[in-house]
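The values are calculated or read from the model by the stated rules, or taken from the named source; none is laboratory data. If you're wondering where the values come from, they're calculated on a predicted model, not measured in any experiment. When we count neighbours, we look across all protein chains shown, and the Cβ atoms used for this are built from the backbone with ideal geometry, even at glycine.
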Amino acid sequence: MNTDYFTRNYMPGARWSIGGGLLHGATMLQFCEGIAKELPGILHLDCLHATPACAWSVDWSPQRPLTAPTAYIQLLRIAAELRQPVCLNFDNPYVAKNLLEDDFGLFLVSELLQHNPTNLNAAAVADDRVAMILQRNFPKLPLIAHMNRSVCEEAEPDAAFYNQLFGMYQAVQLYPASTRNPELLAELQHPERCIVVINDCCRQGSRNAHRDMLLLLAQMRIRPYEFAFKVRRSEQMPAVMAAPDSPGNALSRQQILALYTAGFRQFHVQAEQYRNGMTAAWVFMNHIISAEPEYSNMRSLLIYKVFSYLNGARPPIASGLEPFTLRYPE
């Protein structure tokens, strides 16, 4: 099979990551396996992101119980067998002071580094205080500034803000609005160290509402059974989430190509907003493979071959492969 066109003329050297490692369990692991076995030497999944339920993370939908250590370690073991790098998302930018040195969070990172055959496992952090604690305890752990780090800033993020983050973090996730600001992008010192989230489902211009929501979700992490918090979350959600007929902050293929041309090389697909892991997998495949009409038959064949792994024998880790629906809060 002639696969030259996959790496010629379409974003050569781009790096792709996807979320949902814990939320969608086996689906994401099977997808990683399909990518590794069916697209070797062509394209690959650079990182699988997983957001554990812990003091350092937040839940947009009904709050999950604390991540089970056995399921988490099992995910790491299977990923290690596939030599699939894993990034833990600690997306809470407002961690309570007494939980900054949370023993469970430190345990999660310790296990992450013990199941690390590629030496590429990392953590994406939204709270600088947590990042400093991780730097002190795990000096070899690569750190990424999570997108929520920029959301919690009072002022709109500018190039100076991102350039400052490069001094503390190995990579920085850009807030989607920043990717539509050519002046800001031109002033970034290290575009190759920026990560572009291509399918964020928040409304355009909703950063302030997004910040207020994150503060509420951080409070819910501490008091998960507070009914008034759940009511407020339902009331505030429309100001944050894009309407079903709106693309929200999601980027088109043309916009992604323009960012690639400008020097950006890292792109991320969120999976948290999907109940069904196959949807996130489809978004990923739809972007990493060339879309030229003359290659449509071969493109369809490769997507089919990768997706066939999602119908394999049920692995021992729970799967998110149930009927599709958006994960709106109750």
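Helices (runs of 4 or more DSSP H) fully within segment 1-112 that include at least 2 residues being at pLDDT below 95, polar (S, T, N, Q) and closer than 18 Å to residue 275 by Cα: 26-38. Count of segment 247-292 residues, restricted to those that are outside any helix (DSSP H, G or I) and aliphatic (A, V, I, L, M), is 7. For segment 258-282, filtering for residues that are under 20 Å from residue 204 (Cα atoms) and either touching a Pro at 6+ places or on another chain (Cβ under 6 Å) or hydrophobic (A, V, I, L, M, F, W, C) (or both) leaves 5.
The set of residues in segment 243-256 that are exposed (fewer than 14 other Cβ atoms within 10 Å of the Cβ) and among the aliphatic types (A, V, I, L, M) contains only 243. Listed by first and then second residue, the pairs with beta-carbon distance under 6 Å, at least 6 apart or on different chains, first residue in segment 118-141 and farther than 21 Å from residue 58 by Cα and of a type in the set (Val, Ile, Thr), second modelled with pLDDT of 95 or more and buried (at least 20 other Cβ atoms within 10 Å of the Cβ), are 118/85. For the structure I just gave you, tell me whether residue 195 is modelled with pLDDT of 95 or more, surrounded by 21 or more Cβ atoms within 10 Å (Cβ to Cβ), touching a Ser or Thr at 6+ places or on another chain (Cβ under 9 Å) and closer than 25 Å to residue 50 by Cβ. Here the answer is yes, as residue 195 does meet what is asked.
Only one of (1) crowded, with 23+ Cβ neighbours inside 10 Å; (2) touching a helix residue (DSSP H, G or I) at 6+ places or on another chain (Cβ under 7 Å); (3) among the β-branched types (Val, Ile, Thr) is not met by residue 73, so which one is it? Of the numbered conditions (1) crowded, with 23+ Cβ neighbours inside 10 Å; (2) touching a helix residue (DSSP H, G or I) at 6+ places or on another chain (Cβ under 7 Å); (3) among the β-branched types (Val, Ile, Thr), the odd one out for residue 73 is (1).
I'd like the residue in segment 277-307 that is touching a residue at least 12 places away in the same chain (Cβ under 8 Å) and charged (D, E, K, R) and, out of all such residues, is surrounded by the most Cβ atoms within 10 Å (Cβ to Cβ). Checked segment 277-307; the qualifying residue surrounded by the most Cβ atoms within 10 Å (Cβ to Cβ) is 305.
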